[in-house]
Amino acid sequence: MFEITFLGTSASAPSVHRGLSAHIIKHDEYRFLVDCGEGTQRQILKSGLGFKRLNHILITHGHLDHILGLAGLFSTFTRWETLEDIEIMAGSWTLERIEALLYGVRVIPKGKQNPVNVSLKAVAPGVIFETEDFDIRAFAVSHRGPDCLGFVFEEPARRPFLPEKAEALGVPNGPLRRDLVQGKTVTLADGRTVQPHEVLGEEMKGAKLVHIGDTGRTDDVVEHCRAADALVIEATYLESERDMARDFAHLTARQAAELAVEAGVGKLLLTHISRRYRESDVLAEARAVFPNVAVARDFDTFQVKRGEVVKVEG
């Protein structure tokens, strides 16, 4: 299961109720900050999530409304010594801008001992982070400037363990069952062997969460979004200003919804909302095409499970 908390959901500039782009995605003990608009550190504090284990930062692209918050965040880190190691992952051009921001104004002084070890990791489309329980894949998106990325968070497909079949075969609780889950053949005390397929069900896909920042096209991301349980994506414009959306390489709410339909996603979560529109109008435009949609607000949290997306209340 993945959990996403929206820290900032405004487009380009903050509003009274919405901060700039920043989201935290969690899976067990792992936490990832995706984008870091101005004011993100305050949003993290207001959310109650805190800075613990926030060792990985993913940046979709290098525009200022998605990276300016890094300066304040790292200024805090270097004084509080909250974390020892932080890795920032982004495209090469984006990292150049981040390096200029952090080191050019001496937020992080070069050549001196710092309490935070910052690693800037240039990533390209493909797997960029991997554990036994999930991986993260980057893919290219079309926005203004080079190296713009989207991210797929996905658990591997697994065959569920069927305890009733294990009971019928006389497999005791403990290491033998664990070995069967791991695909190993086991030998029981009476000499009988049990194969994994005898106690495992049909393969089931894991949870899949797709995060796309700013993009002006959808045709080149359909396959990456295919069958996602949740798709997080921008909806900066409405159809009435579709030409402007095209000129600035952004999407309308309707385009985002059409992508959700084409890719067969479970839940559409819209963000990067412009101050020029009412939230209800953005929601209505998308819902007319794809009913299972929500316009995310700052501090909304959703749990993304296999086949289900649940909003966490309170």
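Quick check on the range 159-184: of everything there that is among the aliphatic types (A, V, I, L, M) and at pLDDT 90 or above, which residue is surrounded by the fewest Cβ atoms within 10 Å (Cβ to Cβ)? Only one residue tops the list, namely Ala168.
Looking only at residues in the range 27-61 that are in contact with a Gly (Cβ under 7 Å, 6 or more places away or on another chain) and acidic (Asp, Glu), the one that is surrounded by the most Cβ atoms within 10 Å (Cβ to Cβ) is Asp35. Within the range 134-158, restricting attention to residues that are more than 24 Å from Gln303 (Cβ to Cβ), part of a loop (DSSP other than H, G, I, E, B) and small (Gly, Ala, Ser), the residue that is modelled with the highest pLDDT is Ser142. Counting only helices (runs of 4 or more DSSP H) that sit wholly inside the range 197-314, those with at least 3 residues that are surrounded by fewer than 19 Cβ atoms within 10 Å (Cβ to Cβ) are 242-247, 253-263, 279-287. State all residues of the range 185-234 that are of a type in the set (Asp, Glu) and modelled with pLDDT of 95 or more; if no residue qualifies, say none. Answer for the range 185-234, where residues must be of a type in the set (Asp, Glu) and modelled with pLDDT of 95 or more: Asp214, Asp219, Asp220, Glu223, Asp229, Glu234.
Taken over the range 11-26, residues that are surrounded by fewer than 23 Cβ atoms within 10 Å (Cβ to Cβ) and more than 14 Å from Leu49 (Cα to Cα) amount to 8.
Looking only at the range 142-177, residues that are among the aromatic types (Phe, Trp, Tyr) and more than 18 Å from Phe129 (Cα to Cα) come to 1 in all.
Note on the range 224-259: among residues that are touching a residue at least 40 places away in the same chain (Cβ under 8 Å) and acidic (Asp, Glu), the one that is farthest from Pro146 (Cα to Cα) is Asp229.
Residue check: Leu200 meets all listed conditions (1) farther than 22 Å from His23 by Cβ; (2) without any contact (Cβ under 8 Å) to a residue 40 or more places away in the chain; (3) touching a helix residue (DSSP H, G or I) at 6+ places or on another chain (Cβ under 8 Å) but one, namely (2).
Here is the figure for the range 91-133: residues that are on the phi < 0 side of the Ramachandran plot and at pLDDT 85 or above total 29.
Scanning the range 1-13 for residues that are at pLDDT below 95 and over 19 Å from Ile233 (Cβ atoms) turns up just one, Ala13.
The values are calculated or read from the model by the stated rules, or taken from the named source; none is laboratory data. All values derive from a computational prediction rather than experimental measurement. Every residue, glycine as well, gets a Cβ built from its backbone with ideal geometry; the counts of neighbours run over all protein chains shown.
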